[in-house]
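Encoded as structure tokens, the structure appears first; notes follow it.
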Amino acid sequence: MALSGIAIPFGLEKLFAAHHLSPSESLADDDDFWSGLRNQYQLKPDYINLENGYYNLMPKPILDACIEQLQQLNYEASFYKRTKMANDKVMVRETVAALVGCQKDEIIITRNTTEGMDTVICGLDWKVGDEAIMAEQDYGAMLDMFKQQEKRYGIINKIISIPNHPKNDDEIVHLYESAITKNTKLIMLSHMINITGQILPVKKICDMAHAKGVKVLVDGAHAIAHFEFKISDLNCDYYASSLHKWLSVPLGAGILYVQKNNIEGLWPLFGEQGYAANDIRKLNHTGTHPMHTELTIPFAINFYKSIGSKRKEERLQFLKKYWTSKIANNSNVILNTPLEPARSCAIANVGIKNMTPAVMAETLLKKYKIWTVAISYANVQGCRITPNIYTTCKELDQLVKALNEMSV
């Protein structure tokens with residue numbers, strides 16, 4: 001596959017040159033620049049898409065690369081898989097490892113966050129009475145997997161609840177710390193809570209847990225290519241994420257990071273005897289899969305780097321602040337997300353008093369042509385609002401107008 005020396009995506013060179021971009025230059029509120037990037041996306045005109053948290057549609061350069069890789073795979077067929085695939089998989093792992101900040105022998109490419117999380121949850125050697133700590137705001141599929149381990153192995157699941165507006169990091173750390181006992185084996189926590197977009201103080205929780213001999217599994221589904229961080233800086237034991245969200249990789253790509261010393265202690269989810277017990281590739285035997293998805297990952301990383309990680313995060317922060325600041329004084333509107341930059345980025349959740357989330361989402365779509373998702377779970381009642389870099393201020397003005405009119 002032609003993957004080496006990937007250049008700046010076609011069509012972006014003139015845009016970057018026109019704005020004289022430098023690595024430190026902020027363009028968060030420059031609509032001309034972001035409108036140029038919007039042209040790289042094929043957007044459906046029927047509605048304003050503010051549900052980018054599910055997954056991000058691919059911009060044209062990445063979509064074209066995906067189609068090209070699929071055509072080449074179809075052309076070479078089994079010859080490719082038997083002669084080239086192994087080397088390409090190493091190359092992709094190295095590229096992703098460099099992006100997220102870990103060693104290539106600590107990471108594998110999975111199909112999604114759920115697969116990575118389940119590989120850890122099902123791979124641990126659970127004993128009767130072992131305890132796991134998690135939050136009711138964690139992703140439902142992960143909570144279900146812990147319930148399954150409870151039925152199968154007799155473990156004890158301890159559920160805490162995360163406040164929508166914590167006073168400080170210490171409040172969150174203490175919630176997890178207060179649930180730890182001598183039988184606690186694992187803490188699962190969300191890097192970004194999917195229903196509200198709240199970012200948790202992962203490193204502080206990991207440092208506290210390790211001081212007490214407890215390992216930490218992090219659900220990072222929404223984090224990679226959303227805001228800047230390195231896995232190596234988090235001090236976690238396990239980290240899973242989806243690349244088809246903010247990195248805009250084709251659907252069906254994720255990662256699982258396992259800190260080196262923890263690899264041997266995991267049983268593979270799928271049978272594998274070809275690798276040593278401490279080789280992370282033992283966890284990656286998922287059978288035949290769409291390799292063109294993996295081969296598109298380096299192109300998506302290049303697109304992301306061309307924009308700039310800091311520049312993208314600043315734009316997403318700007319968009320969140322733009323619409324939330326305009327409804328902040330509406331007493332009938334409820335923001336379920338802390339708005340400080342360290343505690344959230346693009347995703348925020350908003351509710352309306354005396355209106356169910358389902359009715360709210362239906363009204364936004366049918367009356368205002370705004371597509372989002374209703375959340376009615378735990379301490380969160382509202383719609384999740386998730387703009388992307390192609391979202392315009394004019395579109396967010398339409399959201400603000402809708403919220404103000406609906407809340408009267």
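I'd like the residue in the stretch 168-194 that is assigned to a loop (DSSP other than H, G, I, E, B) and in contact with a Lys or Arg (Cβ under 7 Å, 6 or more places away or on another chain) and, out of all such residues, is farthest from L50 (Cα to Cα). So, considering only residues that are assigned to a loop (DSSP other than H, G, I, E, B) and in contact with a Lys or Arg (Cβ under 7 Å, 6 or more places away or on another chain), the one farthest from L50 (Cα to Cα) is I180. Are any of the residues in the stretch 354-377 surrounded by fewer than 22 Cβ atoms within 10 Å (Cβ to Cβ), under 21 Å from the mean Cα position of the chain (by Cα) and either free of Cβ contacts under 8 Å to residues at least 60 places away in the same chain or in a loop (DSSP other than H, G, I, E, B) (or both)? Yes: one or more hits.
Condition check ((1) under 30 Å from K369 (Cα atoms); (2) at pLDDT 95 or above; (3) of a type in the set (S, T, Y)) across all residues:
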{"position": "S22", "(1), (2), (3)": "no, no, yes"}
{"position": "S26", "(1), (2), (3)": "no, no, yes"}
{"position": "L50", "(1), (2), (3)": "yes, yes, no"}
{"position": "K60", "(1), (2), (3)": "yes, no, no"}
{"position": "A65", "(1), (2), (3)": "no, no, no"}
{"position": "V90", "(1), (2), (3)": "no, no, no"}
{"position": "T95", "(1), (2), (3)": "no, yes, yes"}
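At pLDDT 95 or above, surrounded by fewer than 24 Cβ atoms within 10 Å (Cβ to Cβ) and assigned to a loop (DSSP other than H, G, I, E, B): which single residue out of F227, F270 fits that description? None of the others qualify; the one that does is F227.
Flag not set for Q69, criterion: touching a Leu at 6+ places or on another chain (Cβ under 8 Å), assigned to a loop (DSSP other than H, G, I, E, B) and farther than 24 Å from Q149 by Cα. Within the stretch 274-302, being surrounded by fewer than 19 Cβ atoms within 10 Å (Cβ to Cβ), within 26 Å of L186 (Cβ to Cβ) and of a type outside the set (F, W, Y) holds for A276, A277, N278, D279, R281, H285, T286. Residues in the stretch 279-327 that are in a loop (DSSP other than H, G, I, E, B) and among the charged types (D, E, K, R): D279 only. A single member of G197, G252, G213 is without any contact (Cβ under 8 Å) to a residue 24 or more places away in the chain and assigned to a loop (DSSP other than H, G, I, E, B), and it is G213.
Checking every residue in the stretch 91-109 against the condition of being surrounded by fewer than 21 Cβ atoms within 10 Å (Cβ to Cβ), of a type in the set (K, R), within 30 Å of N262 (Cα to Cα) and touching a residue at least 60 places away in the same chain (Cβ under 8 Å) gives zero matches.
Scanning the stretch 170-204 for residues that are more than 20 Å from the chain's Cα centre (by Cα) and over 17 Å from C236 (Cα atoms) returns D170, E171, H174, L175, S178, A179, T181, K182, N183. Within the stretch 32-40, the presence of a residue that is among the acidic types (D, E) and either touching a residue at least 40 places away in the same chain (Cβ under 8 Å) or in contact with a strand residue (DSSP E or B) (Cβ under 7 Å, 6 or more places away or on another chain) (or both) is excluded. Here the condition is being in contact (Cβ under 8 Å) with a residue 24 or more places away in the chain, surrounded by fewer than 18 Cβ atoms within 10 Å (Cβ to Cβ) and on the phi < 0 side of the Ramachandran plot; of D219, D237, D144, D169, it holds for D169 alone.
The values are calculated or read from the model by the stated rules, or taken from the named source; none is laboratory data. None of the values given here were measured: they were computed from a predicted structure. For neighbour counting, all protein chains shown are included, and Cβ atoms are generated from backbone atoms with ideal geometry for every residue, glycine included.
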